[in-house]
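*Asks:* Here it is, the structure in full.
Derivation of every value follows stated rules applied to the coordinates shown; laboratory data play no part. Values in this document were obtained by computation on a predicted structure and should not be read as measured data. Here Cβ is always computed from backbone atoms with ideal geometry, including for glycine, and neighbour counts include all displayed protein chains.
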Amino acid sequence: MPDIAKTSKENLTSRRGQLKQRRQKLFWQRLWRHTAMVGITVGCVSLATSNRWQIQSTEQITLSGNQLLPAEEVHKLLAIEYPQSLLKIHPLDLENTLIAKGPIADAIVRRRLLPPGLNVRIQERTPVAIALPNTDTAITTLDSDPQSFSQMGLLDANGYWMPYNSFTRLGSQEPKLQVQGMRPAYQKDWPDIYQALQKNPVAIDKLDWRDPTNLILYTELGKVHIGPYGQNFSKQLIALDRMRNLNAQMDIEEIAFIDLRNPDDPTLEILQATKTSDP
């Protein structure tokens with residue numbers, strides 16, 4: 001019995017020692033974790049407030065992808081207040097701002113630690129046509145804050161409207177195609193119309209869409225009445241292509257307009273004539 005009691009006492013002492021060691025180990029582990037968290041927090045605060053990790057000016061922004069937009073315009077769209085900590089800059093917010101406020105189809109913004117700054121890559125919207133408002137009044141001035149489609153603007157291939165002065169580098173790249181009477185309701189149809197116009201061999205300079213019941217094309221053969229835009233548009237352009245040698249058969253100056261409302265039976269409206277003739 002004494003041996004058993006002695007053994008039990010030794011086991012109890014051993015277990016108490018092991019438990020004490022575990023408690024001490026757990027204490028030091030917790031202390032280390034706490035110290036590490038404090039260190040990380042202090043480091044982040046130091047990083048956020050240190051001049052070394054701040055953007056002081058636009059010179060620390062590396063911009064790429066802009067061909068028509070000057071760098072100064074992109075910087076204005078970013079609207080960053082300098083100096084600004086890198087940690088306080090949210091790249092996703094800047095990307096959304098660029099797309100929402102500028103003629104920009106896509107944007108990627110990334111922080112750069114060494115050297116501290118931002119990498120900004122944009123994809124500009126390419127203007128393919130000049131959008132003229134639904135009016136006969138000549139445009140002499142441009143509003144500083146124009147409303148979509150109420151002022152002269154630019155269209156991309158997807159029908160996205162941009163203020164005419166969105167790009168200051170257009171120069172010779174200004175679109176030759178004009179669309180008068182463009183409105184939001186037409187935007188869904190514009191991609192198909194533009195693609196069809198691009199494939200058509202007959203040169204088309206202008207679309208007059210002020211009357212929804214009669215889309216008028218200004219072509220090298222003169223004015224072409226399409227009627228309301230619809231599923232026959234591609235067929236109407238094919239009929240127009242078949243007439244591309246019309247100027248070799250007659251003086252197109254005598255033609256008031258070509259009527260393609262029925263592409264299977266195109267007609268010519270002759271100036272100062274009371275009847276139509278088949279081409």
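*Asks:* Please state the charge dipole magnitude for the stretch 53-124, taken about the Cα centre, from unit charges on C-beta atoms (+1 on K and R, -1 on D and E), reported in debye and rounded to the nearest 20. Please report the intermediate quantities before stating the final value.
*Replies:* On the way: 7 positive and 8 negative charges, 50 e Å.
Here the stretch 53-124 has a charge dipole of around 240 debye.
*Asks:* Moving on. With each label point set 7 Å from Cα along the Cα-Cβ vector, what nm distance links residue 76 and residue 33?
*Replies:* 5.3 nm
*Asks:* Still on this structure, please answer the following. What is the magnitude of the charge dipole of the stretch 127-277 about its Cα centre, with +1 placed on the Cβ of each Lys and Arg, -1 on the Cβ of each Asp and Glu, and no other charges, expressed in debye to the nearest 20?
*Replies:* 300 debye
*Asks:* What ranking do 117-123, 166-172 get when scored by the average of other Cβ atoms within 10 Å per residue, highest first?
*Replies:* 117-123, 166-172
*Asks:* Can you list the residues, at least 5 places off or on another chain, whose amide H is less than 5 Å from the amide H of residue 203, using H built in the peptide plane?
*Replies:* Residues meeting the amide H criterion: 220.
*Asks:* Then there's this: Given points 7 Å out from each Cα along the Cα-Cβ axis, report the residue 170 to residue 111 separation in nanometres with one decimal.
*Replies:* It works out to 3.9 nm between the two label points.
*Asks:* Over the alpha-carbon set of the stretch 53-124, divide Rg by the Kirkwood Rh and report the Rg/Rh ratio to two decimals.
*Replies:* My calculation of the ratio gives 0.93.
*Asks:* Take the residue pairs 176/223; 101/206; 101/176; 101/188; 176/199 and return only those whose Cα atoms are more than 19 Å apart.
*Replies:* 101/206; 101/176; 101/188
*Asks:* For the stretch 91-99, in order, what is each residue's ³J(HN,Hα) by Karplus, 6.51 cos²θ - 1.76 cosθ + 1.60 with θ = phi - 60°, in whole Hz (x at glycine and Pro)?
*Replies:* In residue order, the calculated couplings are x, 5, 5, 5, 4, 5, 5, 4, 6 Hz.
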